[in-house]
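What follows is a short report on a single structure.
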């Protein structure tokens with residue numbers, strides 16, 4: 001299985017677990033003498049199976065990300081850099097929005113409000129950050145589709161020698 005396929009399955013499982021949880025909530029109470037639309041025990045079994053599969057996927061995805069090196073860095077390091085660049089970009093964009101906000105004056109005698117930063121320069125830097133994020137994402141996507149998932153793990157999460 002490719003890493004990308006495992007990531008897709010993990011996303012699907014997240015949705016399935018959420019759906020099962022909602023469905024379980026609907027079966028928690030029933031009017032006396034009535035049966036719920038679905039059997040809560042069947043739903044619990046499905047939930048437990050999905051969570052167990054999720055645990056295996058998370059372990060194998062994390063192990064694969066930590067052991068796969070691309071351009072001298074592990075996938076884990078690339079993901080961390082991309083996440084941090086996303087945080088940086090959000091802060092830059094927020095600062096740009098605040099500094100670009102218009103302030104209306106009713107009369108010329110009122111105090112002028114001026115930006116304290118160079119909005120154009122910040123926008124150029126935000127564009128550079130966004131480009132770095134796109135390039136990192138391209139690297140991750142390409143790697144995810146070309147990397148086999150490390151699935152030989154023992155119950156403690158370590159690789160099984162073989």
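The values are calculated or read from the model by the stated rules, or taken from the named source; none is laboratory data. In this text, all values refer to a predicted model and were calculated from it rather than measured experimentally. Methodologically, a virtual Cβ is constructed for each residue, glycine included, from the backbone with ideal geometry; neighbour enumeration extends over all protein chains shown.
Give the residue that is farthest from residue 146 (Cα to Cα), with candidates limited to residues of the range 62-84 that are assigned to a loop (DSSP other than H, G, I, E, B) and out of contact with any helix residue (DSSP H, G or I) (no Cβ under 6 Å at 6 or more places or on another chain). So, considering only residues that are assigned to a loop (DSSP other than H, G, I, E, B) and out of contact with any helix residue (DSSP H, G or I) (no Cβ under 6 Å at 6 or more places or on another chain), the one farthest from residue 146 (Cα to Cα) is 72. Among the residues of the range 41-54, are any touching a residue at least 24 places away in the same chain (Cβ under 8 Å), in a helix (DSSP H, G or I) and closer than 19 Å to residue 150 by Cβ? Yes, the range 41-54 contains a residue that is touching a residue at least 24 places away in the same chain (Cβ under 8 Å), in a helix (DSSP H, G or I) and closer than 19 Å to residue 150 by Cβ. From the list 62, 71, 14, the one residue that fits, being out of contact with any strand residue (DSSP E or B) (no Cβ under 8 Å at 6 or more places or on another chain) and under 30 Å from residue 122 (Cβ atoms), is 71. The single condition from (1) within 30 Å of residue 22 (Cα to Cα); (2) surrounded by fewer than 16 Cβ atoms within 10 Å (Cβ to Cβ) that residue 60 fails is (2).
Count of the range 1-40 residues, restricted to those that are in contact (Cβ under 8 Å) with a residue 60 or more places away in the chain and either surrounded by 17 or more Cβ atoms within 10 Å (Cβ to Cβ) or touching a helix residue (DSSP H, G or I) at 6+ places or on another chain (Cβ under 7 Å) (or both), is 5.
Which of the following residues is more than 30 Å from residue 16 (Cα to Cα), modelled with pLDDT under 95 and more than 16 Å from the chain's Cα centre (by Cα): 114, 132? It is 114. Here residue 116 meets the list (1) part of a helix (DSSP H, G or I); (2) touching a residue at least 12 places away in the same chain (Cβ under 8 Å); (3) farther than 21 Å from residue 3 by Cα almost entirely, failing just condition (1). Considered as a group, the residues in the range 135-152 that are surrounded by 15 or more Cβ atoms within 10 Å (Cβ to Cβ) and assigned to a loop (DSSP other than H, G, I, E, B) include one that is modelled with the lowest pLDDT, and that residue is 151.
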